[in-house]
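Okay, structure first, notes after.
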Amino acid sequence: MSRKKLKKKNFVPRQVEPRFSAPTADRHDLYQISVQDSKTTIDLIDNVIKTRRDGTALKLREDFCGTAIICADWVRSDPARTAVGVDIDRSTLDWGAKHNIETLDNDAARVELVVKDVKGSTGSDFDVIAALNFSYSEFHDRTQLVAYLKSARAALCDDGFLLLDLHGGPDAQFMLEAQRDMGDFKYVWEQESFDPINNRTVCHIHFHFHDGTRMERAFSYDWRLWSLPELRDAMVDAGFAKVETWWDDQDDVIRPLKSTVNTEAWIAYLVGWK
């Protein structure tokens, strides 16, 4: 699927120092500029929680957190908020600690980064646990997926929820390459392969620069493309009391839906209430 269709049409890149050449660019910085969208995530969490209770969500766990930019922006958004970021890649967490968490100054104390497999228990009584950027798709086996979902559910407070994003539509099942101009560079999403027998898809992110240099395969993914019904059923089997579909529609409004019309490429969120 074209990543362009996975981002909101009014997405505004994070303003950073221009980078014009692959040898001097930082792949994590480029990823945050072209893929991450903390404001949309935090706004969505705020809207979801309002459907169930008064007040605001305060305690977040970001699974597969990578550079933990959502953790950083979460605590920045409210002085009462705390965040725990969990990821198995220490080097990426170290990058995030330096570039995102330390910049919070005194507020950095409200963020904890944990190097750990997300299937293990990490903390408890979270208002929300978010596993975004389709990161859970690294689970090719349903047993592993359900084990993760059960672990996440156990770590939520009684009226907390798990938030997953997913994508689909015909474009997600074909080999393709799509570019998006980010100003200082071009973001390139490549779907190298898709196997319809097991829904395995191999994808890459490349960055192309105006001086002609390229950062090929800055990130690569070996995923299972879980369908929305498959993922929803797995959440139910993991014990979630209710699973809602929040659809990112053409009007850039994310709202709960029970039925919709398929498009070439779409993005949605599943909300699993404990």
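Could you grab me the full set of residues in the stretch 229-256 that are assigned to a loop (DSSP other than H, G, I, E, B) and modelled with pLDDT under 95? Show your work before the answer.
Pass one, the stretch 229-256, residues assigned to a loop (DSSP other than H, G, I, E, B): 238-241, 249-253.
Listed by number, the residues that qualify are ASP249, GLN250, ASP251, ASP252, VAL253.
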Open item on the list: Pairs please, first residue from the stretch 14-33 and of a type in the set (A, V, I, L, M) and surrounded by 15 or more Cβ atoms within 10 Å (Cβ to Cβ), second anywhere and at pLDDT below 90 and not in a loop (DSSP other than H, G, I, E, B), Cβ atoms under 8 Å, 6+ apart in sequence or on different chains.
Closed with: none
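Of ALA97, ALA108, ALA57, ALA147, which residue is more than 17 Å from the chain's Cα centre (by Cα), of a type in the set (A, V, I, L, M) and assigned to a loop (DSSP other than H, G, I, E, B)? Break it down into steps so the answer makes sense when it comes.
Values: ALA97 fails: assigned to a loop (DSSP other than H, G, I, E, B); ALA108 fails: assigned to a loop (DSSP other than H, G, I, E, B); ALA147 fails: assigned to a loop (DSSP other than H, G, I, E, B).
Among ALA97, ALA108, ALA57, ALA147, only ALA57 is more than 17 Å from the chain's Cα centre (by Cα), of a type in the set (A, V, I, L, M) and assigned to a loop (DSSP other than H, G, I, E, B).
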Open item on the list: Suppose we filter the stretch 182-218 for residues that are without any contact (Cβ under 8 Å) to a residue 24 or more places away in the chain and polar (S, T, N, Q); how many remain?
Closed with: 1
Open item on the list: Which numbered condition in (1) of a type in the set (Phe, Trp, Tyr); (2) without any contact (Cβ under 8 Å) to a residue 60 or more places away in the chain; (3) surrounded by 15 or more Cβ atoms within 10 Å (Cβ to Cβ) is the only one that PHE174 fails?
Closed with: (3)
Open item on the list: Tell me the residue from ASP252, ASP195, ASP222 that is under 26 Å from ASP26 (Cβ atoms) and among the charged types (D, E, K, R), please.
Closed with: ASP222
Task: Filter pass, ASP73 being under 25 Å from LEU30 (Cβ atoms) and in contact with a Phe, Trp or Tyr (Cβ under 7 Å, 6 or more places away or on another chain) - done: no
Open item on the list: Against the conditions (1) over 20 Å from TYR221 (Cβ atoms); (2) touching a residue at least 40 places away in the same chain (Cβ under 8 Å), where does VAL114 fall short? Just the number, please.
Closed with: (2)
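The values are calculated or read from the model by the stated rules, or taken from the named source; none is laboratory data. In this text the structure is predicted, and so the values were computed from the model without any measurement. Don't worry about glycine lacking a Cβ; one is built from the backbone with ideal geometry, like all the others, and counts go over all protein chains shown.
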